[in-house]
Amino acid sequence: MDKSASATSTGQGKGRRLRVVLAQPRGFCAGVERAIEIVERALEKYGPPIYVRHEIVHNRHVVERLRAKGARFVDELDEIPPGSVTIFSAHGVSRAVEASAESRDLPVIDATCPLVSKVHSEGQRYATQGREIILIGHAGHPEIEGTMGRIDGKVYLISKAEEVAALQVSNPEKLAFITQTTLSVDDTRAVIDALKERFPGIVGPDTKDICYATQNRQRAVHDLAMDVDVVLVVGAANSSNSNRLREIAAEQNVPSYLVADADALDPQWLEGATSVGITAGASAPEDLVQKLIERLREIAEVEMETLPGITENVRFRMPAELAELAG
Ligand code: SF4
């Protein structure tokens, strides 16, 4: 196999060798990098405390680091003192949340990922055309709450192809679909196919709402799973894109585990394995991957490889009020 990088480390593990293969790309996407940088720049410009509605991204380690710098994370806006600088997370918010911030006189900096905002505009554009919207996504995820709350008119939420048959729409000729940004491409295609079969006149973006970072990481973990005995996905349990990565690896019949950090590794998972693949969700920092590798080095002598893959150069602009500060 073609390998873009190869190195052997002297592990503390005795007598056991383990090939550790890293997926490429993995970890932070441009939307997560931007959201974290927004909180850091806001702290620099306005000083602590800075209030953030919900986890800025779905990762406890990221949240704790920002909390240590003076960010305060709240569930609801009424926990924020009037006039305090408030940041909306990368997942986006509904118009009702925006209006509530305005009524409480909260100066808001919006860290919604531009690719989530793009889905909001697309959904509203279809609604303006008089179409009802079928949103493919997972109930309860903050991105879905935000998207549903930004579209005027009827939005039906479904997550599986089997749910299409039960949909009761007003006019089958005036329908559109949009999707959450972090879904499995293959599963979503199956839902879209079922929608098109039942509603031939439906319009939508195919799987293009699933963002570049999600698609690249899914392709990479698919390749990774074909090459190793066990896959470890570094990511939080509530991270949608991380869960999809684990599922895609598992679909290749490779034992696959989601680990929040190195402490979550159970050495029993590696029994009999000679190779371990590692990837990380879009909200998982690279140092968690490196700590996981260190942990593996305690178990075995590790030989490192990185699979070839796409190099990402995506970067999103800062909100205007923070643009002048150095990154
Ligand atoms: S996973 Fe995609 S949509 Fe979500 S923050 Fe990252 S780039 Fe944006």
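Quick note: the coordinates plus some simple rules give every number you see, no bench work behind them. Keep in mind the model is a prediction, meaning the values are calculated, not measured. Glycine gets a Cβ as well: all are built from the backbone with ideal geometry, and neighbour counts include every protein chain shown.
Here is how the numbers come out for the structure above:
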quantity	calculated
Per-residue Cβ neighbour rank within 10 angstrom, fewest leading, T112, T274, T306	T274, T306, T112
For H138, H120, order by how many other beta-carbon atoms lie within 10 Å, fewest first	H138, H120
Overall form of region 212-265 per C-alpha gyration tensor (a/c, 1.5; a/b vs b/c)	oblate
Principal-axis tilt of helix 286-299 within the chain, Cα atoms, nearest 10 degrees	30
Approximate shape of the chain as ellipsoid semi-axes (Cα gyration tensor, √5λ), whole Å, largest first	36, 28, 15
Folded to 0 to 90 degrees: helix 60-69 orientation relative to the chain principal axis, Cα	80
Gyration tensor (alpha-carbon) shape descriptor, region 169-327, a/c threshold 1.5	oblate
Acute angle (nearest 10 degrees) that the helix 240-251 long axis makes with the longest principal axis of the chain, alpha-carbon atoms	50
P(r) histogram, all alpha-carbon pairs of region 37-180 included - 10 Å bins from 0, percent	11, 37, 29, 16, 6, 0
Dipole in debye (nearest 20) - the chain, about Cα centre, beta carbon charges: Lys, Arg +1; Asp, Glu -1	340
For the chain, calculated [θ]222 nm from helices alone, where every DSSP H run of n ≥ 4 adds -39500 (n - 2.57)	-10500 deg cm²/dmol
For R104, R26, R60, order by how many other beta-carbon atoms lie within 10 Å, fewest first	R60, R104, R26
Counting all C-alpha pairs of region 115-230, share separated by more than 24 Å (%)	25
Gyration tensor verdict on region 131-175 (Cα atoms; rounded if a/c is under 1.5, prolate if a/b is larger than b/c, oblate otherwise)	oblate
